[in-house]
Amino acid sequence: MTIMQNIQRELSGLFVDRKRSDRSAIQTVNFRRVETERLILRVPEMGDYRDYCALLADPEAFRFSERGPMSGEEVWTRLLRQVGHWSLAGYGLFAVQEKATGCIVGEVGFGDFRRGLGPRFDSAPEGGWTIAAGARGHGYATEAAEAALAWLDVRLGSRRTVCMIHTQNKASLRVAHKLGFRAFSEIDYRGYRAMLLERHGGNGEASTD
């Protein structure tokens, strides 16, 4: 049985197996919160506003984007959007909390963003991951994204998912590859070149950093 299958079995049964050593292994779970060895993934809350400001005011968060750092007003709008997505769709982007510090160090998950890129892309949940600059280099993106993907496979059923990544964002492309995503197209999007990737449900085991 693969790592991903083990995670999905744990999610389906809602039980804990603390003997497992993989960092991305689910330790505790419900359908609004997931824990791995080092991280808590949970639905964003109003109280996360200050941490989100710190995360999204950092220019590094938008290094491979068409836009720059967010103002406080823009962060608030984004936080409301994330919470609203969960309310309407039953899934969305998790706030990623570091267990060791209690700080929000990123957001990871899947959404329906209606980008207008055609049915092959827009019809599938789109994955995304952002990790704060100060928390990078620890494998958090892979750990959190693998847990979010396993959660989604149980919540919505094993199905095709997609993501869009700047062609120069090598670190994010490595994470996508580890999760089982493979490129199927390349486009111009809002002034930059982007790679479109897909992962079919039941792709098998993803490796961690």
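Here are some notes:
- Residue order for THR77, THR130, THR142 - accessible surface, 1.4 angstrom probe, largest first: THR77, THR130, THR142
- Charge tally in the Cβ shell below 14 Å around LEU56, where Lys, Arg are +1 and Asp, Glu are -1, LEU56 excluded: -2
- The trypsin sites (Lys or Arg not before Pro) of the range 78-119 that DSSP puts in a loop, and whose beta carbon has at most 16 other beta carbons within 10 Å, are LYS99, ARG114, ARG115.
- Area of CYS103 that stays accessible when all protein chains are in place (1.4 Å probe, Å², to 10): 60 Å²
- Cβ-based net charge around PRO125, under 13 Å, with every Lys or Arg adding one and every Asp or Glu removing one: +1
- Normalised contact order of the range 50-145, rounded percent, pairs of Cα under 8 Å and 6 or more residues apart: 22 percent
- Expressed as a whole percent, the accessible surface of the range 75-209 that belongs to carbon and sulfur atoms is 49, based on a 1.4 Å probe.
- Cleavage-rule hits, GluC sites (Glu not before Pro), the range 48-114, DSSP coil, Cβ neighbours within 10 Å at most 11: GLU66
The values are calculated or read from the model by the stated rules, or taken from the named source; none is laboratory data. Keep in mind it's a predicted model, so treat the numbers as computed, not measured. Because the Cβ atoms are built from the backbone with ideal geometry, glycine has one as well, and the counts that use them run over all protein chains shown. The accessibility values were calculated without ligands, DNA or RNA, using every heavy atom of the protein model including side chains. Shrake-Rupley method; radii C 1.70, N 1.55, O 1.52, S 1.80 Å.
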